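Every number in this text was worked out from the coordinates using simple rules, so none of it is lab data. Keep in mind that what you see is a predicted model, and the values were worked out from it rather than measured. Positions of Cβ are backbone-derived with ideal geometry, glycine not excepted, and every protein chain shown enters the neighbour counts.
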Amino acid sequence: MDNVTGNRVLIFDTTLRDGEQAPGCSMALNEKLRVASALRDLKVDVIEAGFPAASPGDFDAVQTIAAEIRGPTICGLARCHAGDIERAWQAVRPAERPRIHVFIATSEIHRTYKLQMAKEEIIRRAVESVRLARSHCTDIEFSAEDASRTEPSFLAEVVSAVIEAGATTVNIPDTLGYTVPDEFSDLFQYLARHVKGIDKVVLSVHCHDDLGMAVANSLAAVRAGARQIECTINGIGERAGNCALEEVVMALRTRAGHFGVDCGVDSRRLYPTSRLVSSITGMHVPRNKAVVGENAFAHESGIHQDGMLKHASTYEIMRPEDVGISRSNLVLGKHSGRHAFRDRAQQLGFSLDEEELNRAFAEFKALADRKKELFDTDIEAIIMNTDAGASGPWTLEELHITAGTGKIAAGAVRLRHADGRVINEAAVGDGPIEASFKALERATGIAMELCNFEVRSVSMGEDAQGEVTVTVDYNGSSHRGHGISTDIVEAGAFAYLDVINRVCRQANATEQKQEAPAGVARA
């Protein structure tokens, strides 16, 4: 199929919209802005920044990203409702390249049980919505939700109608992760034969991973003519997640001769972007995850190691440097200076301003006094942790724990608030973790229910840093926090305080909105 983008496949990243819908993956505004900046540096073509009509927070995030991020197209999602579309336009309007993305379900199951609409009403809504969106900007995407379970003839009728109405991109989603590659390829070829004007729009694909085939289905669609892939960093998203950006990008690049297409992503930014999203969401990347997992370029088998020593291509189809993974081992020590630290951070894919560098370097020096050897993973953890912890308002200045066999554990904390207050509190608990958590709750006045506590090693050796991720329930909502330290109890305290700070920031943002004059618009 001829297509308006030719041999170029556009990468549409929906980490901030579909990815954030995964349970526990919600992000604060400053975190969304950090991810959006990383996606810009990764050189994705489109950033779907959120669903502006979903909440005031989503609207603010999309509008802020649209105003501050230059380069990629900034997209806002909207249902086929006039109110949603107007809200989406107000949010993306400041963007250098704004896009409105409208959707409506088309499958018989959704028509019958969710929408309770006839086919004619679906088409009417779709056409009216595309036209309304087109009255605001020229870049309009239409998605037929649950397209892979829609009758092909009706899907072709809908797609024809929205193209005539002015859609410039048409997305064919596998919303439930139900289809398989050859079936999906057949659907795209069917549309190519039965939709008038299909060669004048960009065909897009959006696949979920319920049966583990999101990447395979997306690539099958590309072979059949799709020229935009909708995906997320680390494949995060609802249920089993979405097509993983890093996997589909490296598949296109590694098998360029097979697919005959390319994309504009800077693959050297894949690993640091993956680590950033993992750090912010608390969703750890499995060790055996393709492309960005810790084991992706590790070789333990003697036969494999022998082959690698003779020539890397014997057991590697990609170079770790191509995805931003460094081959170095021991990197810096306690006597290393700021310049060496900045250089190493840049080699690992991080760009730090002076304030970020100062915070990270101070933490590096403190860690170097406690740890004999520092590795790349230590540097990554320092940068992620200091950047994430800078937003307060509470800072942990001191933590003292008393515990032992047959003794009641006691924890004492000293916290400083951004307004200058210093709070000292203590508590007892069933072990040092519970004691420290209760002391933090008493100091801040915020009580939460711990649902999950995870620990993993960040680097190597007996003095390795440990990363703790906690999941808590607060007022019926799930929140995640993370912390890093060579002391697991301290890392746990950092993680718990991370959640407390998130709760405080959300409460402050809500109060500010309520105090704003009634006539002040958010747009």
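Per-structure values
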| item | result |
| --- | --- |
| Distribution of pairwise C-alpha distances over region 68-123, 5 Å bins, in % | 4, 20, 21, 16, 14, 11, 8, 5, 1 |
| The chain - mean residue ellipticity at 222 nm from DSSP helices (-39,500 (n - 2.57) per run, n ≥ 4, rounded to 500) | -12500 deg cm²/dmol |
| Extension gain (nm, one decimal) between Asn30 and Ala507, 0.36 nm per residue minus Cα-Cα | 170.2 nm |
| Scaled radius of gyration (Cα, divided by 2.2 N^0.38 Å) that region 50-161 gives | 1.10 |
| Nearest-20 debye value, the chain charge dipole, Cβ charges on Lys, Arg, Asp, Glu | 760 debye |
| Sequence-distant residues sharing a close amide H with Gly241 (under 5 Å, placed H) | Asp209 |
| Integer Hz, Karplus 6.51/-1.76/1.60 couplings in order for region 157-168, x for Gly and Pro | 5, 5, 4, 4, 5, 6, 5, 5, 6, x, 5, 9 |
| Using alpha-carbon coordinates, inclination of helix 181-194 to the longest axis of the chain, degrees | 40 degrees |
| Gained length - Val422 relative to Ile488, 0.36 nm times residue gap less alpha-carbon distance | 21.3 nm |
| Potential lengthening between Lys43 and Gln21 on full extension [0.36 nm per residue; Cα-Cα distance subtracted] | 5.6 nm |
| Per-q log10 I(q)/I(0), region 392-511, q = 0.18, 0.20, 0.23 Å⁻¹ (Debye; single scatterer per alpha-carbon; no solvent) | -0.93, -1.12, -1.38 |
| Under 5 Å, built H, 5+ apart or other chain: amide partners of Ile140 | Thr168, Thr169 |
| Karplus-derived 3J(HN,Hα), 6.51/-1.76/1.60, for each residue of region 485-491, Hz, glycine and proline x | 6, 6, 10, 5, 5, 5, 4 |
| Calculated from backbone phi, Karplus (6.51, -1.76, 1.60) coupling profile of region 17-33 in Hz, x at Gly/Pro | 10, 5, x, 6, 6, 5, x, x, 9, 5, 10, 6, 4, 5, 6, 4, 5 |
| Cα-based helix-to-principal-axis angle, 214-223 vs the chain, degrees rounded to 10 | 40 degrees |
| Partner lysines for Lys334 [C-alpha distance under 30 Å; skip if fewer than 8 residues away on the same chain] | Lys365, Lys371, Lys372 |
| Local electrostatic count, Val102, Cβ distance below 11 Å [Lys/Arg +1, Asp/Glu -1] | +1 |
| Relative contact order (percent, whole number), the chain, Cα cutoff 8 Å, 6+ residue spacing | 11 percent |
| Cα long-axis angle, helix 82-92 against the chain (0 to 90 degrees, to the nearest 10) | 50 degrees |
| Region 38-61 and region 189-248: distance between their alpha carbon centers, rounded to Å | 19 Å |
| Magnitude of the charge dipole, region 326-388, Cβ model with Lys/Arg +1 and Asp/Glu -1, debye to 20 | 360 debye |
| Separation between Cα centres of region 102-143 and region 467-492, rounded to whole Å | 41 Å |
| Mean separation of Cα contacts under 8 Å (6+ apart) over length of region 317-427, as relative contact order % | 19 percent |
